[in-house]
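Colleague: This is the structure I want to talk about, given as structure tokens.
Computed from the coordinates by the stated procedures, all read-outs in this text should not be read as laboratory data. No experiment lies behind these values; they were computed from the predicted model shown. No Cβ is skipped: glycine too gets one built from the backbone with ideal geometry, and neighbour counts run over all protein chains shown.
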Amino acid sequence: MRRGKFITLEGPEGSGKSTHARTLVARMTQAGFSVIAAREPGGTRLGEAIRKLLQQDAADEPLGSEAELFLFMASRAQLVQQVILPALAKGIHVVCDRFADSTSAYQGYGRGVDLDRILMINDLAVQGLMPDVTLLLDIPVAIGFERLQVRNADANAQKDRIEREALGFHERVRDGYLDLARRWPDRIRRIDTSGVFSEVNEELWRVVKRVIDG
Ligand SMILES: Nc1ncnc2c1ncn2[C@@H]1O[C@H](COP(=O)(O)OP(=O)(O)OP(=O)(O)O)[C@@H](O)[C@H]1O
Ligand SMILES: [Mg+2]
């Protein structure tokens, strides 16, 4: 049986990852493909518990960059082992909202943890698994945050620990993603999401179909 394709969505805050992931999975299902959605951090019982830990600082104890890195890695390792690898082996495609490149962008470029070490630890966490394609949803930081304001106002939600970081942090994250795309041009496809949602989704769909057929 052919192995399923592993598709990840990446990009700065508010670039549209979760909305496009949902729409993509629906379109793939409608087109007759077997597909599951996953998200990071989370996607397993352990991962969802870690997600909660990561969203807020414990009282009077800020989370250190290294501890943060390993929490993300633990969530990822569990997701890969419990969910992603078994699905791919059964020929099921997996669409994942954030994956390894998030750690490179946020903990590496954003927080300044050594990138080569992150890549090494990550390789261990994912058992060597890499996405067949990574859709880098790119948006200027200010526009991403405007979209989040609208979304969070609708949902009556507060900013989480990472969203509260200074603008400079988010600029480094975005530039970091662009750097990663230059480093892995065959895997990472940059897609400008500042335009109309349906047109952006159409572009994503074209890329994904090519990967599935290829
Ligand atoms: N092309 C677009 N035009 C206008 N609004 C958009 C577009 N794409 C997404 N949005 C809206 O922007 C908001 C943020 O999108 P979404 O939650 O998918 O981003 P995200 O990348 O998952 O964010 P986060 O980094 O917080 O997880 C949502 O309200 C979504 O409906
Ligand atoms: Mg999201």
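Colleague: Would you confirm, using the coordinates I've provided, whether residue 118 is part of a helix (DSSP H, G or I) and either away from ligand 2 (no atom under 16 Å from the Cβ) or of a type outside the set (A, V, I, L, M, F, W, C) (or both)?
Modeller: Here the answer is yes, as residue 118 does meet what is asked.
Colleague: Identify all residues within region 1-22 that are over 15 Å from residue 190 (Cα atoms), more than 10 Å from ligand 2 (Cβ to nearest atom) and of a type outside the set (D, E, K, R); write none if there are none.
Modeller: Passing the criteria: 1, 4, 6.
Colleague: Mind checking which pairs have a first residue in region 110-133 that is farther than 11 Å from residue 69 by Cα and a second that is of a type in the set (Lys, Arg), Cβ under 6 Å, 6 or more apart or different chains?
Modeller: The qualifying pairs are 110/172; 125/76; 132/5.
Colleague: Can you tell me which residue in region 87-105 is nearest to ligand 1 (Cβ to nearest atom), limited to those that are closer than 16 Å to residue 39 by Cα and part of a helix (DSSP H, G or I)?
Modeller: Selected residue: 102.
Colleague: Considering every residue within region 59-76, establish whether at least one is away from ligand 2 (no atom under 16 Å from the Cβ), at positive phi and charged (D, E, K, R).
Modeller: yes
Colleague: Just one of 14, 32 is within 16 Å of ligand 1 (Cβ to nearest atom) and assigned to a loop (DSSP other than H, G, I, E, B); which is it? Step through it out loud before you land on a result.
Modeller: Values: 32 fails: within 16 Å of ligand 1 (Cβ to nearest atom).
The conditions single out 14.
Colleague: I'm checking my understanding of the structure. Among residues of region 41-66 that are touching a helix residue (DSSP H, G or I) at 6+ places or on another chain (Cβ under 6 Å) and not in a helix (DSSP H, G or I), which one is farthest from ligand 1 (Cβ to nearest atom)?
Modeller: Per the stated criteria, the residue is 44.
Colleague: Looking at region 87-102 only, could you name the residues that are within 16 Å of ligand 2 (Cβ to nearest atom) and either aliphatic (A, V, I, L, M) or under 11 Å from residue 69 (Cα atoms) (or both)?
Modeller: Across region 87-102, the qualifying residues are 95, 102.
Colleague: Could you list all residues from region 143-162 that are free of Cβ contacts under 8 Å to residues at least 12 places away in the same chain and either among the small types (Gly, Ala, Ser) or assigned to a helix (DSSP H, G or I) (or both)?
Modeller: Of everything in region 143-162, those that are free of Cβ contacts under 8 Å to residues at least 12 places away in the same chain and either among the small types (Gly, Ala, Ser) or assigned to a helix (DSSP H, G or I) (or both) turn out to be 149, 150, 152, 153, 154, 155, 157.
Colleague: Still on this structure, I have one more. Of the conditions (1) of a type in the set (Asp, Glu); (2) part of a helix (DSSP H, G or I); (3) over 16 Å from residue 13 (Cβ atoms), residue 171 clears all except one; give me its number.
Modeller: (3)
Colleague: Here is a follow-up. For region 13-39: of the residues being under 15 Å from the mean Cα position of the chain (by Cα) and among the polar types (S, T, N, Q), which is surrounded by the fewest Cβ atoms within 10 Å (Cβ to Cβ)?
Modeller: Result: 18.
Colleague: A follow-up question, please. Looking only at residues in region 179-200 that are touching a strand residue (DSSP E or B) at 6+ places or on another chain (Cβ under 7 Å) and more than 10 Å from ligand 1 (Cβ to nearest atom), which one is nearest to residue 148 (Cα to Cα)?
Modeller: By that ranking, first place goes to 191.
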